[in-house]
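Colleague: What follows is a single structure, and I will ask about it in a moment.
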Amino acid sequence: MLTAKSHNDFYFEHFGNIKSDLPGAKLQWLSRARTEAIERFLDCGYPTMNVEEWKHTNLLKQSDSFPVMGEPSVNEVAERDIEALLLDSIPSHRMVFVNGFFCQRLSDVGALPAGLRLTTAGEMLVEQPELMEEHWGQPWGFLEHRLSGEEDPKPHSMVALNMALSPGGPVIHVDRDVSPELPIHLVNVVVSEASGVMSQPRTLLIAGEGSGVTLLETYIGGGVQPHMVNALTQVRVMKGATVRHYKHQGEGSNSFHLATNLVRLDSGSTYSGCVFSNGGGISRNEARVRLEGQRGDCTLDGIYLGRGQQHMDNWTRVDHVAPYGETREMYKGVLDEKAEGAFQGKVRIWPEAIASRAQQLNKNLLLSEDARAFSKPELEILNDDVQCAHGSTIGDLDQECLFYLRSRGVDEFVARKLLIEAFVGEVIDRAPDVPIRAHFRKLFYQWFSQAS
Amino acid sequence: MLEIMDLHAAVDGKQVLRGVNLKIGPGELHAVMGPNGSGKSTLAYVLSGRDGYDIERGDIIYDGKSLLELAPEKRAEEGIFLAFQYPVEIPGVSNATFLRTAVNCVRAARGQEEFSATQFLKEVRMKLKALEMTEEVLSRQVNVGFSGGEKKRNEVLQMAMLEPRFAVLDETDSGLDIDALKIVADGVNKLRRSDRSMLIITHYQRLLDYIVPDKVHVLAKGRIVRSGGKELAVELEEKGYSEFSGAAL
Ligand SMILES: Nc1ncnc2c1ncn2[C@@H]1O[C@H](COP(=O)(O)OP(=O)(O)OP(=O)(O)O)[C@@H](O)[C@H]1O
Ligand SMILES: [Mg+2]
């Protein structure tokens with residue numbers, strides 16, 4: 001088994017080897033930021049279960065199989081494989097990345113409307129380095145601001161690792177008042193090589209003032225060797241803009257998926273996020289949202305469907321920094337066989353954030369006696385002028401409903417499907433985009449039909 | 001058609017049915033009355049195959065075969081239907097999905113062609129009209145937020161759609177206003193056929209003025225203690241159940 005120390009040496013050496021080839025390597029601010037990031041990672045190491053934020057995900061359990069870094073020269077991926085993995089392709093502007101590297105051949109960006117830029121960090125760093133410095137270089141989300149005033153980098157060491165090593169993924173820039181009709185679909189395929197592979201996808205979305213955009217991220221693929229995806233997505237929602245951000249995390253069971261979404265909302269802006277995860281042996285989806293301008297509106301939803309030995313961790317944190325903000329969170333898990341699910345969600349209302357509203361709900365459906373769920377919704381309210389509520393449930397399927405359906409001739413399998421679909425459907429139907437709802441429903445049917 | 005023989009059933013270790021005997025021929029409509037807690041709903045549930053009942057003795061023979069080993073959905077396919085005393089709410093499932101899934105499951109099992117979306121709509125509209133229900137109930141979640149009377153009508157709607165051969169109506173009249181009672185009774189009467197039998201559980205003779213039974217039985221303390229014609233219902237309305245229950249219940 002590799003020790004954390006040897007991992008450190010490995011990453012440090014790797015960083016040394018690739019840093020001059022990373023996009024924007026000649027930009028001083030960027031190489032400084034990357035050096036700072038790798039140092040932070042080396043200082044902190046992998047987050048351990050002793051860190052509150054990581055208490056449900058044990059990285060070290062996996063560490064002996066921590067794989068090498070992905071290279072652009074990966075195995076061939078055929079278009080039809082992608083289509084099959086995608087299940088159905090929603091009309092969209094599509095970019096495909098394989099092991100974190102852009103793959104032109106598989107992408108189908110189509111005709112972009114005026115005011116929508118869809119490109120890679122590599123290109124943006126050449127064309128608009130100042131913009132990138134503002135949004136990409138600034139390591140917001142590097143530090144956990146503890147209430148004690150302490151700033152703690154430990155929970156963010158995987159973000160730091162991504163920032164240091166990522167070859168630069170997609171950049172989406174939506175101009176002021178532009179609302180593209182089609183969603184942007186980013187497909188991240190992992191193709192595991194003989195030795196396994198680690199990829200560092202990094203995504204940036206900037207929604208200009210008054211703009212409106214839908215982003216779907218899909219993480220799929222797999223292979224016989226263990227592999228790791230360490231994803232970072234940054235979203236900046238400028239004044240009055242609306243971002244609808246969906247994610248499907250559906251890699252194979254050898255995958256180890258860690259992802260962090262960092263979202264900043266300016267005043268009067270709306271962010272609506274929904275993560276659908278049914279893949280990966282171990283997955284952890286983290287979302288951190290800051291309502292920095294007045295009247296920010298944030299929805300954070302999630303669906304996690306697990307079976308076998310899957311471990312699915314959901315971690316959310318919303319900071320209401322400015323007044324009159326509203327947050328709604330609904331996470332629902334369906335866990336079968338020996339799957340484990342965790343939800344830890346915190347909404348912190350800072351003293352300045354008067355008249356804030358927050359609602360948090362986590363519900364778990366356990367379909368087997370061995371499945372387990374941990375739930376910890378949490379509100380941290382630092383002023384009196386707020387309306388907040390939270391709740392969580394863990395239970396099995398309602399036997400009365402099941403019997404009612406069966407007494408009408410619906411066989412048990414279909415009855416269970418209807419009830420479970422109704423359970424997750426409540427989350428799916430909150431998605432503002434109808435085609436995405438349909439997509440998520442299909443993913444649900446596929447997942448359900450694979451029950452053993 | 002259906003014969004219940006010496007049926008003993010316990011729930012949670014409590015003896016509820018203590019030797020029920022009942023025989024219902026094709027096309028017959030029987031009423032079961034009896035005090036609260038006497039085991040009427042338990043009998044209905046046992047007929048429909050609900051879990052949790054310990055059948056200690058006896059049998060239920062339907063069309064010459066025992067029902068007891070059949071799963072609830074199999075019984076429904078065979079034509080058994082229970083209108084629940086307390087219809088169940090299913091959040092997140094629309095009444096349309098619920099009905100269509102059920103109807104098509106049952107039709108497929110019976111070797112009938114499944115309804116397409118349009119055929120289904122056509123059928124259900126007809127039944128809705130007969131029960132004076134609005135189409136809006138289709139888009140609502142199953143029984144969620146329904147008034148007591150709406151729930152009962154929804155049960156009868158399901159019965160009409162599923163075309164059972166043996167229907168048990170457990171207090172379908174309670175919670176209905178006078179007009180609704182007539183509408184529901186009409187609906188039930190329209191479903192009466194020479195090859196369709198019914199067991200109607202009720203507390204009130206009034207229902208039996210509209211739905212005239214072939215026989216009336218009194219269930220008390222888990223047994224049929226008296227059977228008679230429809231005039232028995234009138235007698236019970238006058239005298240109550242003191243003769244059967246007493247203090248021992
Ligand atoms: N799951 C259960 N656990 C314990 N006791 C039960 C259960 N189900 C029914 N019983 C008991 O069995 C008895 C018969 O109940 P049942 O519901 O069949 O009565 P009923 O005749 O339908 O009454 P009502 O006229 O009030 O509807 C009651 O004493 C009831 O409390
Ligand atoms: Mg009853």
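Colleague: For chain B, with only Lys/Arg (+1) and Asp/Glu (-1) charged at the beta-carbon, what is the dipole magnitude about the Cα centre, in debye rounded to 20?
Modeller: On the way: 33 positive and 37 negative charges, 40 e Å.
About 200 debye.
Colleague: Dipole size in debye (nearest 20) for chain A around its Cα centre, Lys and Arg Cβ +1, Asp and Glu Cβ -1?
Modeller: Details: 44 positive and 60 negative charges, 61 e Å.
It comes to approximately 300 debye.
Colleague: Given Cα pairs under 8 Å that are at least 6 residues apart, what percent is the relative contact order of region B:66-223?
Modeller: Working: 180 pairs, mean separation 45.6, N = 158.
Relative contact order of region B:66-223: 29 percent.
Colleague: Calculate the length of the line joining the C-alpha centroid of region B:62-108 to that of region A:295-311, in whole Å.
Modeller: 34 Å
Colleague: Turning to a different aspect of this structure: Taking region A:98-197, which trypsin sites (Lys or Arg not before Pro) meet the DSSP loop condition and have no more than 15 other C-beta atoms within 10 Å?
Modeller: Details: sites: A:Arg105, A:Arg117, A:Arg146, A:Arg176; in loops: A:Arg146, A:Arg176.
Sites meeting the loop and neighbour criteria: A:Arg146, A:Arg176.
Colleague: Between A:Arg105 and A:Glu412, what is the FRET efficiency for a Förster distance of 56 Å, r being their Cβ-Cβ separation, to the nearest 0.05? Before the final figure, lay out the partial values.
Modeller: Values: r = 46 Å, r/R0 = 0.82.
Using R0 = 56 Å, I get an efficiency of 0.75.
Colleague: Projected onto the charge dipole of region A:86-133 (+1 at Lys/Arg Cβ, -1 at Asp/Glu Cβ, origin at the Cα centre), which of A:Gly100, A:Leu86, A:Leu131 gives the Cα projection farthest towards the positive end?
Modeller: Result: A:Leu86.
Colleague: Count the DSSP beta bridges whose two residues both fall in chain A, then state the antiparallel fraction as a percent rounded to the nearest 5. Please list the in-between numbers first.
Modeller: Values: 10 of 144 bridges.
Antiparallel bridges: around 5 percent, rounded to the nearest 5.
Colleague: What percentages, rounded to whole numbers, describe P(r) for region A:4-397 computed over all alpha carbon pairs with 10 Å bin width beginning at zero?
Modeller: Each 10 Å bin holds this share of Cα pairs: 5, 24, 35, 27, 9, 1.
Colleague: Lys/Arg Cβ at +1, Asp/Glu Cβ at -1, dipole of chain B taken about the Cα centre: which of B:Pro35, B:Val184, B:Tyr45 is farthest positive-ward?
Modeller: Checked the options; the winner is B:Val184.
Colleague: In nm, to one decimal, how far is the modelled label at B:Leu121 from the one at A:Val224, with both set 7 Å along Cα→Cβ?
Modeller: 5.2 nm
Colleague: Counting only DSSP beta bridges with both residues in region A:133-232, what percent are antiparallel, rounded to the nearest 5?
Modeller: Numbers: 2 of 18 bridges.
Of those bridges, close to 10 percent are antiparallel.
Colleague: Could I ask something else about it? Subtracting the Cα-Cα distance from 0.36 nm times the residue separation, let me have the gained length for B:Lys23 to B:Ala71 in nm, one decimal.
Modeller: Working: separation 48, 0.36 × 48 = 17.28 nm, distance 2.20 nm.
Here the segment from B:Lys23 to B:Ala71 would lengthen by 15.1 nm.
Colleague: Starting from the Cα of A:Ala389, step 7 Å along the direction of its Cβ; do the same at A:Leu143; then give the gap between the two resulting points in nm.
Modeller: The modelled label-to-label distance comes out at 3.7 nm.
Colleague: Let me ask something else. Before anything else, pin down the relative contact order of region B:124-212: Cα pairs under 8 Å, at least 6 apart, normalised by residue count, whole percent. Display every interim value, and only then the final one.
Modeller: Working: 79 pairs, mean separation 28.6, N = 89.
Contact order relative to length: 32 percent.
Colleague: Can you work out the PRE-style zone for B:Glu235? Point 7 Å along Cα to Cβ, and I want the residues of region B:18-32 with backbone N under 17 Å.
Modeller: B:31-32
Colleague: DSSP loop GluC sites (Glu not before Pro) in region B:60-101 with at most 13 other Cβ atoms within 10 Å of their Cβ, which ones? Mind dumping the intermediate values first?
Modeller: Numbers: sites: B:Glu69, B:Glu73, B:Glu77, B:Glu78, B:Glu89; in loops: B:Glu69, B:Glu89.
Sites meeting the loop and neighbour criteria: B:Glu69.
Colleague: Just subtract the alpha-carbon distance of B:Glu135 and B:Asp179 from 0.36 nm times their residue separation and send over the number in nm, one decimal. Working shown, then result.
Modeller: Details: separation 44, 0.36 × 44 = 15.84 nm, distance 1.92 nm.
Value of the extension gain: 13.9 nm.
Only the coordinates and a few stated rules stand behind these numbers; no lab work does. These numbers come from a predicted model, not from an experiment. Here Cβ is always computed from backbone atoms with ideal geometry, including for glycine, and neighbour counts include all displayed protein chains.
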